[in-house]
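Each remark here refers to the structure printed beneath this line.
Derivation of every value follows stated rules applied to the coordinates shown; laboratory data play no part. Computed from a predicted model, the values in this text were never measured in an experiment. Cβ: placed from backbone, ideal geometry, glycine included. Neighbour counts: every protein chain shown.
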Amino acid sequence: MTRFSGRVAIVTGGGTGIGAAVARQLSREGAEAVYIWGRRKAPLEALARCDARCMPMTVDVGDENAVQNAVAAIVARHGRVDLLANMAAISGPCVPTERYAMADFERVYRTNVFGTFLTMKYCLPHMQRNGFGAIVNACSCSGMRGYANEIGYGSSKFAVLGMTRNAASENGRNGVRINCVSPGWVDTDMMDEVLRGYEALEGGSPCKSELDHGTMDRPATPDEVAEAVCFLLSDAAGYINGANLTCDGGKTL
Ligand SMILES: NC(=O)c1ccc[n+]([C@@H]2O[C@H](COP(=O)([O-])OP(=O)(O)OC[C@H]3O[C@@H](n4cnc5c(N)ncnc54)[C@H](OP(=O)(O)O)[C@@H]3O)[C@@H](O)[C@H]2O)c1
């Protein structure tokens, strides 16, 4: 018997980075099926080729119909969805508030905020009906502290933390738990993109607190953050609801 034996899981952003590491771990530890969601087919199919339990689904989490239909298809096939790891997000531009375009703000919120809301909205009824479910949302140090040049991304992660607590407070006694994980820097495509954004920033380099790796002096690997996500998805976290597990190498001490 392994930790996720027989579980049916959805991992948004499951084709790359932390999401792919979560999907691989769920599969390795016995999940019946791990549905990996993303907008691009190629990374999803690449992971599915290496791991037969990872099922690719091209779903834009900001598209309500797409989310509703994808959850319905999974439930039609398996009768349930047990686990949801909301890892999909975009970082948006690296510019000060006065130069941040409204269109970018909307784009970031559509994935990071509305996407997290929509997947919870459409998975929760099935989890509640079955009396079991675990959801983990990807928050960030950026959703706990105010960092410069990321008003869209940072505030979207504050919203993810808030939504996690809102939804957690509505559940719990019914067997459904909702928590979030807050990484610091993690060695993924997103980290590379943000660092490129800092390099291109006009008017000098960002303040030290943004680039700081905390006590560890290195970014996390995706697998290290996936461990924290999978702990909260597992029954070992059975009394943990509404928590924010920082996995930031001590960055926010
Ligand atoms: N890397 C870090 O330093 C860091 C730090 C703190 C928090 N985080 C958080 O950790 C999570 C995972 O990020 P990561 O570092 O693993 O970055 P990543 O490799 O860029 O992964 C993000 C994933 O989200 C997917 N995605 C983006 N928009 C989507 C949409 N609208 N619908 C469906 N999927 C979408 C992307 O695939 P497509 O482009 O194909 O859709 C991609 O697979 C994110 O929530 C991020 O905010 C990361």
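When the scattering of the stretch 54-110 is computed by the Debye formula from its Cα atoms alone, each counted once and equally, what is log10 I(q)/I(0) at q = 0.28, 0.29, 0.30 Å⁻¹? Log10 I(q)/I(0), no solvent term: -1.24, -1.28, -1.32.
Among 95-106, 5-16, 180-191, the peptide with the highest mean count of other Cβ atoms within 10 Å heads the list, and the full ranking is 5-16, 180-191, 95-106. Summary value for the stretch 1-158: 22 percent relative contact order, contacts being C-alpha pairs under 8 angstrom separated by 6+ residues. Shape descriptor for the chain: Rg over Rh equals 0.96 (Cα atoms; Rh from the Kirkwood inverse mean 1/r). Placing +1 on the Cβ of every Lys and Arg and -1 on the Cβ of every Asp and Glu, with nothing else charged, gives the chain a dipole about its Cα centre of roughly 840 debye. Specify the inter-centroid distance of the stretch 103-152 and the stretch 14-52, based on alpha-carbon positions, in whole Å. If we compute the Cα centre of each part, the gap is 19 Å.
Net charge in the neighbourhood of Cys180 (other residues with Cβ under 13 Å of its Cβ; Lys, Arg +1, Asp, Glu -1) is +2. At q = 0.11, 0.20, 0.23, 0.28 Å⁻¹, what base-10 log of I(q)/I(0) does the Debye formula yield for the stretch 130-195 when every alpha carbon is treated as an equal point scatterer in vacuo? Per q value, in the given order, log10 I(q)/I(0) is -0.32, -0.80, -0.94, -1.18. Distance from the C-alpha centroid of the stretch 216-253 to that of the stretch 75-100: 17 Å, rounded to the whole angstrom. Summed over all non-identical Cα pairs, the Kirkwood treatment of the stretch 39-140 gives a radius of 15.1 Å. Under the convention that each Lys and Arg Cβ holds +1 and each Asp and Glu Cβ holds -1, the size of the dipole of the stretch 1-44 around its Cα centre is about 180 debye. A simple count of charges around Ala72, restricted to other residues whose Cβ falls under 15 Å of its Cβ and scoring Lys, Arg +1 and Asp, Glu -1, yields +2. Can you tell me how the stretch 1-83 classifies by the Cα gyration tensor, rounded, prolate or oblate, using a/c under 1.5 as the rounded cut? The shape class here is oblate.
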